[in-house]
Amino acid sequence: MLHQVQRCLPATGRVVLALAATMGLVAGLARVAAAEYIPLPVKWSQVPPDRYGGDWASSGSQVVADDFVCGDRAPIAAVRWWGSYLGEMAAPRPTGHVGPFAITFYYSAPGATAPHPLSLPGTAVAAYPQITAQEEVVGREENDEFVYRYDAYLPQAFDQWLYSQNPNNGIQGELWMSVVNQFEPDWGWEAAAVNHPVVDYAAYWHLPQGWQSSQNTDMAFELMVPEPATLALMSLGAAGLAAVRRRRSK
């Protein structure tokens with residue numbers, strides 16, 4: 001049926017229809033009960049060490065965020081992170097889909113240190129407050145607590161390029177992301193294996209001070225983008241929409 005409709009449309013209409021079909025596929029992926037690791041290309045990676053080092057902070061009283069560099073126009077389609085539950089050593093809990101988590105992206109607010117200005121999360125630019133993640137046990141920490149990996153599709157892809165290059169962004173090309181566990185206060189974030197050389201340490205929100213730098217820790221997380229074929233189709237659709245607007249304006 002889709003092919004029959006496409007034959008009846010002008011070229012720009014076919015492109016727009018293809019974009020709609022692609023976006024429907026992306027939205028469908030977010031609803032699929034993915035039972036394993038999300039197999040999408042990774043654009044930013046800060047993974048934990050092979051022998052997990054331990055949680056950092058507790059979700060019961062704090063929020064943890066970390067910055068990343070936006071080096072291309074690919075939108076963020078999915079997020080991966082690691083964490084563990086306080087005192088869980090005897091046996092891991094049954095794994096599956098858990099939530100809700102809240103994922104928020106922020107502008108980067110610069111500080112005063114050089115060569116890379118010390119930054120902290122600034123104004124929030126996109127929030128996903130009801131994220132369901134696939135939880136899988138992947139090992140133990142040094143204190144023997146079980147460690148879990150979390151994979152989650154975003155309900156709508158986040159156009160990080162639009163915000164990272166915005167004049168309102170304090171440090172061009174950089175944004176921040178926080179992950180909050182909203183269902184279990186005795187849960188903590190895993191630290192990354194190696195501090196990333198081009199960005200700041202992670203930050204934590206703790207009242208009454210607000211955002212503060214951790215000074216020595218990075219959050220373990222990865223950001224994923226759509227497959228190249230999907231990105232190409234989305235670009236064609238965007239070009240088609242622009243062409244339609246130009247024709248209508250004449």
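The values are calculated or read from the model by the stated rules, or taken from the named source; none is laboratory data. Note that the structure is predicted; figures quoted are calculated from it, not measured. Every residue, glycine as well, gets a Cβ built from its backbone with ideal geometry; the counts of neighbours run over all protein chains shown.
For region 59-86, enumerate the residues that are more than 11 Å from the chain's Cα centre (by Cα), in a strand (DSSP E or B) and within 19 Å of Val137 (Cα to Cα). Within region 59-86, Trp82, Gly83, Ser84, Tyr85 qualify. Looking at region 91-150, which of its residues are more than 19 Å from the chain's Cα centre (by Cα), among the acidic types (Asp, Glu) and surrounded by fewer than 18 Cβ atoms within 10 Å (Cβ to Cβ)? Once the filter is applied, which keeps residues that are more than 19 Å from the chain's Cα centre (by Cα), among the acidic types (Asp, Glu) and surrounded by fewer than 18 Cβ atoms within 10 Å (Cβ to Cβ), region 91-150 yields Glu142, Asp144.
Number of residues in region 70-80 that are closer than 19 Å to Asp218 by Cα and either at pLDDT 95 or above or outside the structural domain of Gln134 (by TED's automatic domain parsing) (or both) equals 2.
Here region 80-94 is the region considered, the condition is being out of contact with any Asp or Glu (no Cβ under 7 Å at 6 or more places or on another chain) and not small (Gly, Ala, Ser), and the residue that is nearest to Pro49 (Cα to Cα) is Trp81.
Restricting attention to region 156-176, the residues that are surrounded by fewer than 19 Cβ atoms within 10 Å (Cβ to Cβ) and aliphatic (A, V, I, L, M) total 1.
When each of Gly122, Gly83, Gly139 is tested for being farther than 22 Å from Tyr201 by Cα and assigned by TED's automatic domain parsing to the domain that holds Phe183, the lone residue that passes is Gly139.
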